[in-house]
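The values are calculated or read from the model by the stated rules, or taken from the named source; none is laboratory data. Please read these numbers as outputs of a predicted model, since none were measured by experiment. Accessible surface is based on the protein model in full, side chains and every heavy atom, while ligands, DNA and RNA are left aside. Shrake-Rupley method; radii C 1.70, N 1.55, O 1.52, S 1.80 Å.
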Amino acid sequence: MLLQWMGFRQIWRSGVTFKGSGGGQFLYVIAGLHVAHVLAGVIALIVMFLRAFGSKTRSYNSVPVELMSTYWHFVDLLWIYLFIFFNGIN
């Protein structure tokens, strides 16, 4: 996310604007969705970590771990697809 922000700053400094450009606005939407997915996943991982190590009573339930695994694999596959899609536009 930091690298995305730095990349946008370089784009803006070079004078490129996306006003009125559908493609440029789409770039903002994709970057915003990326930030939302990463933040949601990191927050979920932190909550899962705190629940696992925060209580003295341990309940070994594999469902949260399986859900997080499914979530991150979905995000991985989505970004691999998007990478292929965006590189195939040339």
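Does segment 4-53 hold any residues that are of a type in the set (Phe, Trp, Tyr) and assigned to a helix (DSSP H, G or I), and which are they? Spell out how you get there, then give the answer.
Applying the first criterion (of a type in the set (Phe, Trp, Tyr)) to segment 4-53 yields 5, 8, 12, 18, 26, 28, 49, 53.
Within segment 4-53, Trp5, Phe8, Trp12, Phe26, Tyr28, Phe49, Phe53 qualify.
Considering (1) in a helix (DSSP H, G or I); (2) open to solvent by 80 Å² or more (accessible area, probe 1.4 Å), say which one Lys56 fails and leave the rest.
Condition (1) is where Lys56 drops out.
Considering segment 15-48 alone, what residues qualify as being open to solvent by 60 Å² or more (accessible area, probe 1.4 Å), at pLDDT 85 or above and not β-branched (Val, Ile, Thr)?
Leu33, Leu39, Leu45
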